[in-house]
Structure formats: structure tokens, C-alpha cells
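A short worksheet on the structure shown next.
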Amino acid sequence: MTSKKKNKIEEPTEAYEVTPKMGVTSEELHPVLVQLLEKSIKEIEEGKTSTHEEVMKRFREKFPLQK
């Protein structure tokens, strides 16, 4: 036996199927999570959100980083 064949590793030929024990569908979301999502969507529709640029500007003003 040569050293090349001695250390050879091969993938198993079986095909493994992975199935989650608990699959979560949209119908199974926790009621509190559903309420939070609805509230967030309503705030977006009302324009009560900030862009990334606005948030970063406020962050840099509040926490100036030294260069």
C-alpha cells in the first residue's frame, strides 16, 4: 500500500436527507411576533423610519471616532 492510498478519504455514496424537526411556516408565527411585524409595517407606511445615511450621521455626531 502506498502512502497516497493510505491517506485517501472518500465521500460516502449515500444521499442524506435533512429535514428540520420543527418547520416554521408563516401560519405558525408567535402572536407577539405577528403584532410586532404589523406595527413595523405600519410605521414604514407612515414614513416613521430613517434611512441608513441619517442613522449613520446621528451616530457619528453622537460618537465621534478619532482618526
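The values are calculated or read from the model by the stated rules, or taken from the named source; none is laboratory data. Because the structure is a prediction, the values reported are computed rather than measured.
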Exercise. Taking K67 and the conditions (1) part of a helix (DSSP H, G or I); (2) of a type in the set (D, E, K, R); (3) more than 23 Å from the chain's Cα centre (by Cα); (4) modelled with pLDDT under 90, which numbered condition does it fall short on, given that it satisfies the others?
Worked result: (1)
Exercise. Within the stretch 1-58, restricting attention to residues that are in a helix (DSSP H, G or I) and among the hydroxyl-bearing types (S, T, Y), which residue is modelled with the highest pLDDT?
Worked result: S40
